[in-house]
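The values are calculated or read from the model by the stated rules, or taken from the named source; none is laboratory data. Model, not experiment: these values are computed from the prediction. Note that each Cβ is placed from the backbone with ideal geometry, even for glycine, and that neighbours are counted across all protein chains shown. Only protein heavy atoms, including side chains, enter the accessible area calculation; ligands, DNA and RNA are left aside. Shrake-Rupley method; radii C 1.70, N 1.55, O 1.52, S 1.80 Å.
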Amino acid sequence: MLLVRRLLAQRHFPSTCSARLASSTAHHKYDVIVVGGGHAGTEAAAAATRIGASTLLITQKIQTIGALSCNPSMGGVGKGHLVKEVDALDGLMGRAGDYAGVYFTILNRSKGPAVWGPRTQLDRGRYKEFIQSELLNMPRLTVIEGSVEDLLISAADPNQPGKHRVTGVRMADGGNEILSSCVILTTGTFLSGSLFMGQTTSPGGRMGDPPSCAGLSHSLREVLGLKLGRLKTGTPPRIVKETVDFSLAELHLPDPQPTPFSFINTHVHCKPEEQVTCHLVYTTPGVDRVVRECLHMNSHIQQDTKGPRYCPSIESRVLRFPGRQHQVWLEPEGLDSDLLYPQGLSMTMPPEMQLLLIREIPALRHVDIRTPGYGVQYDFVCPTQLFPWLQLKSVQGLFLAGQINGTTGYEEAAAQGLWAGVNAGRTALSLPPLSLSRTESYIGVLIDDLVGQGVAEPYRMFTSRAEFRASLRPDNADLRLTPKGFEEIGCVSQHRYQEAVRVRQGLSEALSALKSITLPSPRWKEKLRAACISKTKRDVISGEEMLQYKDISFSMIASIFPDIFSPYLEFSERIKIEAVYRPHCEKQQREMDRIREEESLFLPPDIDYFSLPVSLSNEVREILDRVRPSTLGAAMRLQGVTPAAAVHLLYYVTRSGCKIREQRDTDQYAKTPDWTHRPQTDQQAEGFNQHQEDVVLQN
């Protein structure tokens, strides 16, 4: 079975392999070097390899490749969309989730499919096992253990934008230099990372792992002149399952039939009846009391550094929303694990106070803590300094992905890693880099938000960030991206491409047949008694229109016309969704075409905004000069660039004849993703109110 084809190989990977490989890299030049073995790094290495680039992955510990550093879960609303798109481009995360998942559910099932959130609880050991087995058996990929101390910098190619060029890395131990055409930094929380617990601070990006090298952060800031910022995050204590009183907790069951993340899997590895359960508990006034009593002993919460708004620590939640109950999800860490992950109880107070706090919850009255929670602070590079293909504007050959760009979450990191790997591989092979439009993918939305808007706090994906979410559904990610990934990008296998083409053809044939079958409404009512058709309605209705009725399924229509529709029963749910959304998608497609036409005008990278002979305020000129957007559309999205300024800029661009080339052209500076007006805040867009603040945390 495809899902497990490489798992046995991992057990035969020798422990001395990293040292043997390290000795052979000192005088070898790679196409791409990836620094970091987290979710961004693994997807970046795999993507660059699929492109055809010889790739080196450098990680501190091979055994932590694919580790779930924080919560043992994947997906959710918005995040699940990213996982499906990573899988559609032949990434690892979706298949890993199908192998390691032990609790599957679809969030927002009561709402439309566009905002469904596929989610799973993961077995930590199985997830690492799958990722490591894939990478350690991948052609053209070498994996070594070690820390990168510095980047190798040379003079920039004068024919390309940029002040410097990266030519490789220098290792920390022994100072060995490894050469490459491109480098991808996926350092996560390890870039000058600091760990916090109570009043104690120590260097590091994750508990139990060695600290990162300060030289890399210094090089980015002082040598390359990049603008860096500081962010923070945290993790909750891990509690012993057998010490929890589950009779005082709400039981939440998984879906009876798990839905796979990967489009090439028909089922998941875990049998439906073997899935685990999750439980829900709530905080009490005692939790608030403990938080307030120990604030003076908690240096992490006193810092001004921004943390994740939608996954805050319990200290932050108590201070922001005093006197409220907060949800805490008790999530198993695996089939055989004796630990639970209390989602919603991230904390950085002293360990003894953590135990006092957690025991204020009735179901956890006698609980034991295996490992305490802690906080992390780390450097990030302000992402407005990136091109839409995730290469730094000022440094040729240097790509960034993951938390180093100011994001939070496994899924956001994986999506960036895949796209950085694709473009680093293409750049190394002298192919033009590519951008994904925000009209065609959530990955495009994510990257466009980062490079166009920047971040003031760790960025998290929501469906509200996508203007065309009726078209960007999790169910159709393969139709949107897999053909493009094979035909244009070069990162998708022949097998996956052929399957996507087969599905696309089947859906097209079924929908065409549905459209061609028409009956008067009384006849439909006669054949489908479940149809809620008005008795006064006498119109002729097509089969496609019938599927737009809530209680009518494709299998019902197939039972009436078995000779026509029985070959397409495997696509039943997808046909229903396509029929319901087709009118909306056709309207959105017209809007997308208009936006692409109006916003795809190219802005030269060397344009001097301060001397531009158009009517622009000094503030607008400073913003444009600092961010240096690639297209007019990207410029229009910048906060502070007024509509009037955009019109003046449009006038200049059109008169000077600076038109952008399509992504398929030879110009390596492909167009930036598209955009329309968006809600001003996530709260407005998602319709969050105070009661829903806790609900979003479980996603």
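Scanning region 489-530 for residues that are hydrophobic (A, V, I, L, M, F, W, C) and touching a strand residue (DSSP E or B) at 6+ places or on another chain (Cβ under 9 Å) yields a count of 4. Only one of the listed residues (Leu195, Leu179) is open to solvent by 20 Å² or more (accessible area, probe 1.4 Å), in contact (Cβ under 8 Å) with a residue 24 or more places away in the chain, not acidic (Asp, Glu) and not in a loop (DSSP other than H, G, I, E, B). That residue is Leu179.
Restricting the search to strands (runs of 3 or more DSSP E) fully inside region 225-277 and requiring at least 2 residues that are modelled with pLDDT of 95 or more gives 238-240, 250-252.
What do you reckon, is Ala470 open to solvent by less than 10 Å² (accessible area, probe 1.4 Å) and small (Gly, Ala, Ser)? In short, no. Every condition in (1) small (Gly, Ala, Ser); (2) free of Cβ contacts under 8 Å to residues at least 24 places away in the same chain; (3) within 24 Å of Gly633 (Cα to Cα) is met by Gly444 except one, and the failing one is (2). Residue pairs whose Cβ atoms lie under 6 Å apart, sitting 6 or more positions apart in sequence or on different chains, and linking a residue in region 107-131 that is acidic (Asp, Glu) to a partner that is surrounded by 24 or more Cβ atoms within 10 Å (Cβ to Cβ) and not in a strand (DSSP E or B), are Asp123/Ala100.
For the structure I just gave you, tell me whether Gly452 is modelled with pLDDT of 95 or more, surrounded by 24 or more Cβ atoms within 10 Å (Cβ to Cβ), closer than 28 Å to Gly234 by Cα and of a type outside the set (A, V, I, L, M, F, W, C). The answer is no for Gly452.
Residues of region 369-412 that are open to solvent by less than 10 Å² (accessible area, probe 1.4 Å), farther than 30 Å from Ser299 by Cα and aromatic (Phe, Trp, Tyr): Trp389, Phe399.
Taking region 109-128 as the range and being out of contact with any Asp or Glu (no Cβ under 9 Å at 6 or more places or on another chain), open to solvent by 10 Å² or more (accessible area, probe 1.4 Å) and not small (Gly, Ala, Ser) as the test, the residues that pass are Lys111, Val115, Pro118, Arg119, Arg126, Lys128. When we screen Ser464, Ser435 for residues that are out of contact with any Leu (no Cβ under 7 Å at 6 or more places or on another chain) and assigned to a loop (DSSP other than H, G, I, E, B), the only hit is Ser435.
For residues in region 205-246 being in contact with a Phe, Trp or Tyr (Cβ under 8 Å, 6 or more places away or on another chain) and small (Gly, Ala, Ser), which is farthest from Arg317 (Cα to Cα)? If we take residues in region 205-246 being in contact with a Phe, Trp or Tyr (Cβ under 8 Å, 6 or more places away or on another chain) and small (Gly, Ala, Ser), then Ser212 is farthest from Arg317 (Cα to Cα). Residues in region 37-58 that are among the polar types (S, T, N, Q), out of contact with any strand residue (DSSP E or B) (no Cβ under 6 Å at 6 or more places or on another chain) and open to solvent by 10 Å² or more (accessible area, probe 1.4 Å): none. In the condition set (1) closer than 30 Å to Thr243 by Cβ; (2) assigned to a helix (DSSP H, G or I), Ala424 is compliant with all but (1). Selection over region 318-363 of residues that are free of Cβ contacts under 8 Å to residues at least 60 places away in the same chain, open to solvent by less than 10 Å² (accessible area, probe 1.4 Å) and assigned to a helix (DSSP H, G or I) gives a count of 1.
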